[in-house]
Every structure is written in C-alpha cells, then in structure tokens.
1. Given segment 14-279, report the % of alpha carbon pairs whose separation exceeds 26 Å.
2. With 10 angstrom as the radius, rank W213, W183, W266, W91 by how many other C-beta atoms surround their C-beta, starting from the fewest.
3. Antiparallel DSSP bridges in segment 14-279: what percent, to the nearest 5?
4. Under 15 Å between C-alpha atoms is the cut-off here; go through the chain and count lysine pairs that meet it, provided they're at least eight residues apart or on different chains.
5. Need one number: % antiparallel among DSSP beta bridges in segment 189-281, to the nearest 5.
6. Starting with the fewest neighbours, write out Y59, Y243 ranked by other beta-carbon atoms found within 10 Å of each beta-carbon.
7. So for the chain, taking the charge dipole from beta-carbon charges (+1 Lys/Arg, -1 Asp/Glu), which of Q154, P205, A234 sits furthest toward the positive end?
8. Can you list residues from other chains, or at least 5 along the same chain, whose modelled amide H is less than 5 Å from the amide H of L117?
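Throughout, read-outs are computed from the coordinates displayed, never taken from laboratory work. These numbers come from a predicted model, not from an experiment. Virtual Cβ from ideal backbone geometry, glycine too; neighbours counted across all protein chains shown.
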Amino acid sequence: MLVFISGLSVFPTVESAQLVGGVSAQKKATWWQPAADDQLQWYWQLQDPVDPSHEVDIYNIDIETPQIIIDELKQRGVRLICYLSVGTVEWFRDDAVLIPKASIGQVYDGYPDEQWLNIADIDSLSAVMLARLDRCANKGFDAIEGDNVDAFNQESYNAAGQLVGTGTNFNISAEQSIVYIRWLAAESHKRGLGFGLKNAEALAPVLVNDVDWMLIENCYVDGWCDDARVFIDANKPVFMTEYRELLRDFTPACDTARRLGYTAIWRSEALDSNGPFERCR
C-alpha cells in the first residue's frame with residue numbers, strides 16, 4: 001500500500017488569465033502541472049504486467065496498461081503518465097496500420113519493429129496521435145510522455161564509420177520538431193493532460209514554457225545533465241533515468257541529480273518488472 005508524505009500527494013492545477021473581447025476572463029488550466037520544488041518520486045515501467053506496489057507519487061506506464069491497474073493506482077492518489085511513441089511507428093500497436101506509408105521512414109536502430117515518422121507532416125499523423133491522446137485521457141492518465149521527438153539529430157553511418165544519411169529517411173529540422181512538440185502539448189492540454197519533453201535537450205530552452213516537465217535518459221553517462229537545468233529554473237521537474245547496463249554505480253549520478261534538483265532513478269533498459277529500481281535518497 002502506498003504511503004504519502006503530507007503535501008506530496010496534492011498536485012495543483014494553475015489558473016491563467018485570458019483577454020477575450022477586451023474583458024479579462026479566468027480560464028482554469030485543467031491539466032496537472034507538477035512543481036520541481038515538490039521533488040516527486042516516480043516509477044517507470046513499460047514492459048510486463050505493471051508492479052503497482054512501489055511507494056511513489058508518479059507511475060510512468062504504457063498506454064496499453066489494463067484499466068484495473070490504472071484504477072488501482074488512481075485510488076491511491078498516484079499520478080499517471082501515459083507512454084506514447086509520437087516520433088516512431090511501433091508495429092505491435094493496433095493503430096500502426098493507420099499511419100500513411102509515405103510518413104514512415106527508416107528502422108529505428110536497435111528496434112527492428114519500430115520506424116521513424118515524418119513528424120514534419122503533422123496532417124498525416126494527426127488522426128492517429130489525437131486518437132491516442134483521447135484514449136490516454138479516457139483511461140484516466142494525467143500526462144503524456146511523448147517519446148522519440150529527437151529525429152532532428154539522428155544520423156546514419158556505414159560500416160566504415162562514414163555519415164551516409166539522417167538516420168530517419170527524412171530531413172527533419174529542429175524547428176519542425178519544435179512545431180510538432182508544441183502541437184502535441186497544446187492538444188494534450190486541451191484534453192486535461194500534461195505533456196513532458198523527452199530527451200531532445202537542445203530544445204529545452206525553447207520549449208520549457210510549452211511543456212510541463214522533462215524526462216531524460218543517460219545524461220550522466222553522456223555528460224549533458226546540466227542542459228535540462230532550465231526546467232528547474234522554471235520550477236518544472238526533471239525526471240532523470242540512468243541504466244545499469246551503462247552505469248554500474250548509481251551513486252555519482254545521484255550526486256549530480258541532487259546538485260541539479262532532478263528526481264533520479266536507476267533501472268534496466270528493458271524497463272520491465274524484473275530489473276532494478278533504485279531511487280536517490
């Protein structure tokens with residue numbers, strides 16, 4: 001059974017003023033907007049039946065998670081993030097066949113059942129993506145993790161180590177990625193869902209005011225943890241993950257997370273129920 005420290009299980013929404021026809025009208029932002037100051041604890045699992053036993057404030061789980069698990073977690077006051085790949089097609093998804101073939105690019109390196117999408121062509125993807133957002137909202141999720149939005153910095157090399165292409169089959173720019181992420185965030189907000197930036201640290205300064213939090217992987221191993229600090233400066237949380245396959249000792253990563261104000265966990269790359277789950281204390 002989850003135990004919550006007083007104050008941590010209360011998740012505020014915010015109010016914003018809009019000027020309509022010269023009259024100031026109050027419009028409530030109905031989506032969840034967590035604060036970095038709260039140092040909310042989180043758990044991330046995308047494979048296997050979800051283990052609901054962890055004493056945390058947030059679960060980040062797949063859209064296909066059974067409703068019975070979602071309902072159980074919500075009854076405990078846990079906030080739920082809905083995992084979606086918004087930048088690739090995953091062929092095991094039922095709606096994958098609805099994505100136009102012209103919008104499907106190269107295979108994602110290391111994931112043979114996944115291919116990059118042309119996120120510059122929002123019109124071709126909007127029906128599938130909006131239906132997914134609707135489904136997350138209807139199932140009771142609080143926010144969206146939109147994965148694979150970093151097509152703009154993907155590169156492909158041949159066996160000789162020579163650059164041979166973009167890695168996606170599309171020439172997607174950072175500017176086009178920003179437009180797509182802003183569109184997804186706005187559509188999520190319309191549905192009462194928060195939206196987080198996943199990796200794509202180069203876009204963090206541009207998008208910090210459009211999204212609600214950031215999720216980063218391997219920043220300690222790859223040496224770029226400070227690049228997400230702009231979210232903490234805006235009092236928006238940064239959820240940090242390092243993987244045991246790449247980092248055997250989690251202690252120095254925790255030291256970095258504490259210094260920067262991030263909430264860090266240590267997991268296996270499979271993100272399943274059997275791998276390690278360690279939090280910085």
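1. The share of Cα pairs beyond 26 Å in segment 14-279 comes to 42 percent.
2. W91, W183, W266, W213
3. Of the beta bridges lying entirely in segment 14-279, close to 35 percent run antiparallel.
4. Final tally of qualifying lysine pairs is 4.
5. So the antiparallel bridges in segment 189-281 amount to around 15 percent.
6. Going from sparsest to densest Cβ surroundings: Y243, Y59.
7. So the residue we want is A234.
8. Placed amide hydrogens put T88, V89, G105 under 5 Å from L117.
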